[in-house]
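The values are calculated or read from the model by the stated rules, or taken from the named source; none is laboratory data. Everything quoted here is computed from the prediction, not taken from an experiment. Here the Cβ positions follow ideal geometry from the backbone for every residue, glycine too, while neighbour counts run over all protein chains shown. What goes into the accessible areas is simple: the full protein's heavy atoms, side chains included, and nothing from ligands, DNA or RNA. Shrake-Rupley method; radii C 1.70, N 1.55, O 1.52, S 1.80 Å.
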Amino acid sequence: MKLFEPIQLGKLKLKNRIVMAPMCMYSVVKRDGELTPFHNVHYASRAIGGVGLIFFEATAVSEEGRITDQDLGLWNNDQMLKIKSLANTIHNLGSQVGIQLSHAGRKAEDARNLAAPSAIAYNDSYQTPLELSSKGIEKVIADFKASAQRAADAGMDVIQIHAAHGYLINQFLSPLTNLREDQYGSQSLENRFRLLKEIILEVQKVFKGSIWVRFSATDYDEESTTIKEFDQMNQWLKNLSVDVVDVSTGGLLPKRPTRIYPGYQAQYAEHFKINSSLKISTVGKLGDPNLANYILETEQADLIALGRPLLRNPNWPMMAARELGYTEFESYNPSYGRGFNE
Ligand SMILES: Cc1cc2nc3c(=O)[nH]c(=O)nc-3n(C[C@H](O)[C@H](O)[C@H](O)COP(=O)(O)O)c2cc1C
């Protein structure tokens, strides 16, 4: 049963194909970017539930890069030490752990000064961002590197670079939000990709674990980045030794897909899988175990990332094993077995 088969990703081995998608919990009440008791229980519960790889939510590389002031951060060592302790717990519970490193750019909701490739607001209720100077871009890259060093110190297995959902890197990738005339723009794909490339190269200097990228494969606007451009970027990511691309959609513009149905984003994952040699993770309304397993069996993707299904049920893997009749599933905690057998 593919959903429960281990998978090797570079040096990383996952015990199954079930990934907890990064999900902001907006619960850092003290606004210091540090993990709270809530986060410790929240993430550890999914490890007890049997998830192969657990991603911590979008974690800001700088104070001004947070989506909201209640987000996690990794710009200081106090934050790192708390993450290290939770990573250790998750490892002891039998799962691997990753962190999504992020900069919100023009979608930083609480920041005083927003930074973006170009001075274009997300919509009327957001501030107009300042165009990043070349020094500003250098700082963003340095912040990603410093956070990656801390992720390494904290024992993270994976860094996922957040290049989706309309946050800073996604803003650089799209010709609609990047009107720069320097080497980070000029309407050439190579230039728009440069920020992501330079971040990956710097991150790799300090982080020896697995590096993933999350893309929004469509911005739901024909004038934005095309699927062919993603094919090219996937080739560049492969050349940069990125292990996995996690394929989401949307978030750059205030536009939504016209229909959202189970597996609605899997078509993009399948396209990426056919047209690249990267490992591909798919996400989006995949809570039906039969659908999740079917997507893997038919090779539309290599991994299934779950967001809301794991909010609803931290023991989703056990529930799925039961529903699919997979009897060899071992949770971390055999004490739960009786909850899943008559
Ligand atoms: C509460 C919540 C918070 C989210 N936060 C993030 C985030 O921090 N980073 C990210 O890339 N996606 C985020 N997402 C999107 C999820 O990772 C996922 O792509 C989306 O929910 C679709 O998957 P699902 O249908 O399994 O929930 C969030 C989604 C939810 C529901």
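Taking residues in the range 135-157 that are under 29 Å from I90 (Cβ atoms), and partners anywhere that are open to solvent by 20 Å² or more (accessible area, probe 1.4 Å) and among the charged types (D, E, K, R), the pairs with Cβ atoms closer than 6 Å and at least 6 places apart or on different chains are I141/E198; I141/E202; K145/E202; A154/K84; G155/K84. Being closer than 15 Å to P117 by Cα and touching a residue at least 24 places away in the same chain (Cβ under 8 Å) holds for only one residue in Y167, Y220, and it is Y167. Scanning the range 196-217 for residues that are within 17 Å of A164 (Cβ to Cβ) and in contact with a strand residue (DSSP E or B) (Cβ under 9 Å, 6 or more places away or on another chain) yields L196, I199, I200, V203, I211, W212, V213, R214, F215, S216, A217.
The residues listed here are V29, V19; of these, the one that is of a type in the set (V, I, T) and outside any loop (DSSP other than H, G, I, E, B) is V19.
Within the span defined as the range 307-321, one or more residues are of a type in the set (A, V, I, L, M) and more than 15 Å from the ligand (Cβ to nearest atom). Being within 13 Å of the ligand (Cβ to nearest atom), open to solvent by 10 Å² or more (accessible area, probe 1.4 Å), touching a residue at least 24 places away in the same chain (Cβ under 8 Å) and among the aliphatic types (A, V, I, L, M) narrows it down to one of M23, M1, so name that one. Just one listed residue meets the conditions, M23.
Comparison of L278, L324 shows that the only residue that is in contact (Cβ under 8 Å) with a residue 60 or more places away in the chain, hydrophobic (A, V, I, L, M, F, W, C) and under 20 Å from V19 (Cβ atoms) is L324.
Of all the residues in the range 90-135, those that are outside any loop (DSSP other than H, G, I, E, B), touching a strand residue (DSSP E or B) at 6+ places or on another chain (Cβ under 8 Å) and open to solvent by 20 Å² or more (accessible area, probe 1.4 Å) number 5. No other residue among F172, F144 is away from the ligand (no atom under 16 Å from the Cβ), surrounded by 17 or more Cβ atoms within 10 Å (Cβ to Cβ) and modelled with pLDDT of 95 or more apart from F172. Restricting to the range 69-89, count the residues that are open to solvent by less than 10 Å² (accessible area, probe 1.4 Å) and not in a strand (DSSP E or B). Adding up the residues that qualify gives 6. Restricting attention to the range 194-229, the residues that are away from the ligand (no atom under 16 Å from the Cβ), crowded, with 16+ Cβ neighbours inside 10 Å and of a type in the set (D, E) add up to 3.
Is it true that I274 is more than 13 Å from the ligand (Cβ to nearest atom) and touching a His at 6+ places or on another chain (Cβ under 9 Å)? No, not satisfied.
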